[in-house]
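The values are calculated or read from the model by the stated rules, or taken from the named source; none is laboratory data. These numbers were taken from a predicted model, which means no experiment stands behind them. Using ideal geometry, Cβ is built from the backbone for each residue, glycine included, and neighbour counts are taken over all protein chains shown. Note: areas computed on protein heavy atoms with side chains; ligands, DNA, RNA excluded. Shrake-Rupley method; radii C 1.70, N 1.55, O 1.52, S 1.80 Å.
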Amino acid sequence: MDLSIAALLTQDGITNGAIYALLALALVLVFAVTRVIWVPSGEFVAFGTLTLAGLQLGRTPGTVGLLVAMALVAGAMEVAGCLRRGEPRRIPGRLALWVGAPLAIAAAIVALAPLQAHLAVQVVATLAAVTALGPLLYRIAYQPLAEASVLVLLIVSVAVHFALLGLGLWFFGAEGSRTPPFSSATFTIGAVNVSVQSLLVVATSLLLILALYLFFGRALYGKALRATALNRVGARLVGVSPSFAGALTFTLASLLCAFCGVLIGPITTVYYDSGFLVSLKGFVGAIIGGLASYPLAAAGALLVGLIESFSSFWASAFKEVIVFTLIIPVLLWRSLTTRHHEEDE
Amino acid sequence: MSALLEVADLSVSYGKVEAVHHVALTAAEGSIVTVIGPNGAGKTTMLGAVMGLLPARGSIRYLGEPLERLSVEQRVARGLVLVPERRELFAGMSVEDNLQLGAFARRGEGERAARRALDEVYHRFPRLHQRRVQLAGTLSGGERQMLALGRALMGRPRLLMLDEPSLGLAPLIVKEIFAIVAQLRAGGVTILLVEQNARAALQVADYGYVLETGDVATHGRAADLASDPKVAATYLGIKAA
């Protein structure tokens, strides 16, 4: 291997690693706040790519059907909840939030689809549609079980993963999609070819990470999510309800996944079931961060991207094997060095 | 004075074990009501039920309205604030972040109101101002209690429930905390004070309840309870003549 190949592989690794990093952050965030191991995160990535691909072809993407179906279920659950608590006055407000908003997004996408609008508009529409699925999924699948054990939540996650796979096939069809790159320009630094597309991916990831850092460090809502992750009872006692924190967390996490889907579209062909493998790589990164540390998770995801890229050069057939074998020493190291502690004050 | 909190026939169970049986308690607006009793009498359980953290049977009325159907968060928004025995601070966050989150339920009132509340808390607890960038988990026991109280005050409580605020603290700090409790009452806050330190609690309170194994054993004006020979013998360590 000469230097230029190494540079190319590094560039590839960093580009993919940047995408995995967003996924890893989403997984850590969801686990920290809600204790859910978010297995179906990959489906959100795939839905992101497929939505954008659909819009580019001028077709109404399957996301619309999913949004409408999930909004109706969530709305029915909200109405039942309001009636059970004896608060019929709150029904219109809850319906506006849980049914009105998703339907408005779905309607906007239906109107937008045949227009073949500018790429930036399509990206924003994609992000809005996929992000809206997140809180709906939380409301339907996880909120009723908010007090359940981590194991129960994991089992639910696996079930949701399979359900979304089926729904993905139903709504998006079996054929794969690839979106054109945002830019095909390249330039050279020394002997190395750098693609603008790669730079865009890395820059977007960095910007998102910076935005998350500011949100959690400065904004009251960000602090409320951190507080919920640190001390659930304490958070309730200052008025942060677990269901509010959960819905907000899933909104943020699905936004990150939607970005992943948009960014990964030009790199690989995505099918309705492609997301799982991508999310597993983000998960390896998240595990390196102990499902707790954001910087370690992002660094771990970057490492996964680099290992994947170099192993595809040396031993292409064993690429995935090498990446996932990485998790064994990491788990060993984690279980030997992490002390188990109860939630302290 | 009208009753701010009226608890009637309140029972709380952990599985099959009933920890609080048919308790009745009233807190008049602007008063300090204390609940004293030995370990395991059900004092913390009762506060948990009033706050909505534990499911309970019976009636809890606040400002004349039933509370049973309201969530913890809705109760906080109505001015019921609990400082729990375990403090439940956000250990990995700074003192100032902890305090800002105390005003989460009042986020609709805007930045300026939050800033003013923060300044008031810092004025009351200058130590917290000194420690504002420090992580809450690194504070001493007394400072943690101050932070827990400060965080509760950020929510501008109408009914402040304190669970063992003196637990594990040096006598000088206990005195300081009780002085602050008295000041808060003067500022119009109603206080429900659960304490094992019966002497200090009865000194500062207007009215007292003695809880024993989940039942109200006796209740009355704090001064009367303090001079009740049985209460004095059991909780104040004074031998009956």
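The selection criterion, being of a type outside the set (Phe, Trp, Tyr) and either within 21 Å of the chain's Cα centre (by Cα) or away from chain B (no Cβ under 14 Å) (or both), holds for A:GLY176. A single member of A:LEU169, A:LEU164, A:LEU153 is within 20 Å of A:TYR271 (Cα to Cα), open to solvent by less than 40 Å² (accessible area, probe 1.4 Å) and touching a residue at least 24 places away in the same chain (Cβ under 8 Å), and it is A:LEU164. Scanning segment A:229-271 for residues that are touching a Ser or Thr at 6+ places or on another chain (Cβ under 8 Å) and within 14 Å of chain B (Cβ to nearest Cβ) turns up A:ALA235, A:VAL240, A:SER241, A:PRO242, A:ALA245, A:GLY246.
Quick check on segment A:214-222. Is at least one of its residues of a type outside the set (Gly, Ala, Ser), buried (at least 19 other Cβ atoms within 10 Å of the Cβ) and at the interface with another protein chain (Cβ under 9 Å from one of its Cβ atoms)? Taking every residue of segment A:214-222 in turn, none turns out to be of a type outside the set (Gly, Ala, Ser), buried (at least 19 other Cβ atoms within 10 Å of the Cβ) and at the interface with another protein chain (Cβ under 9 Å from one of its Cβ atoms).
Answer yes or no as to whether A:THR251 is open to solvent by 10 Å² or more (accessible area, probe 1.4 Å), in contact with a Gly (Cβ under 7 Å, 6 or more places away or on another chain) and within 22 Å of A:LEU136 (Cα to Cα).
Values: open to solvent by 10 Å² or more (accessible area, probe 1.4 Å): yes; in contact with a Gly (Cβ under 7 Å, 6 or more places away or on another chain): yes; within 22 Å of A:LEU136 (Cα to Cα): yes.
Yes, satisfied.
In the set A:GLY261, A:GLY290, only one residue is at pLDDT below 95 and open to solvent by less than 10 Å² (accessible area, probe 1.4 Å); that residue is A:GLY261.
Out of the residues in segment A:1-59 meeting the condition of being of a type in the set (Ser, Thr, Tyr) and in contact with a strand residue (DSSP E or B) (Cβ under 7 Å, 6 or more places away or on another chain), tell me which one is surrounded by the most Cβ atoms within 10 Å (Cβ to Cβ). So that I can check it myself, show each step before the final result.
Going residue by residue through segment A:1-59, those that are of a type in the set (Ser, Thr, Tyr) are A:4, A:10, A:15, A:20, A:34, A:41, A:49, A:51.
Now narrow it down to the ones that are in contact with a strand residue (DSSP E or B) (Cβ under 7 Å, 6 or more places away or on another chain): A:4, A:49.
Numbers: A:SER4: 12, A:THR49: 33.
Here the residue is A:THR49.
Report yes if some residue within segment B:130-137 is in a strand (DSSP E or B), touching a Leu at 6+ places or on another chain (Cβ under 7 Å) and either within 12 Å of another protein chain (Cβ to nearest Cβ) or among the aliphatic types (A, V, I, L, M) (or both); otherwise report no. No - not one qualifying residue is present in segment B:130-137.
Out of A:ALA107, A:ALA101, A:ALA71, which single residue is open to solvent by less than 40 Å² (accessible area, probe 1.4 Å), among the hydrophobic types (A, V, I, L, M, F, W, C) and at negative phi? Sole residue among the options that is open to solvent by less than 40 Å² (accessible area, probe 1.4 Å), among the hydrophobic types (A, V, I, L, M, F, W, C) and at negative phi: A:ALA71. Could you tell me whether segment B:205-224 includes any residue that is assigned to a loop (DSSP other than H, G, I, E, B) and closer than 14 Å to B:ALA41 by Cα? Yes: segment B:205-224 contains one or more residues that are assigned to a loop (DSSP other than H, G, I, E, B) and closer than 14 Å to B:ALA41 by Cα. Figure legend. Inter-residue proximity from segment B:196-221: first residues among the basic types (Lys, Arg), second residues open to solvent by 60 Å² or more (accessible area, probe 1.4 Å) and modelled with pLDDT under 90, beta-carbon distance below 9 Å, spacing 6+ or different chains. Indicated pairs: B:ARG199/B:GLY237.
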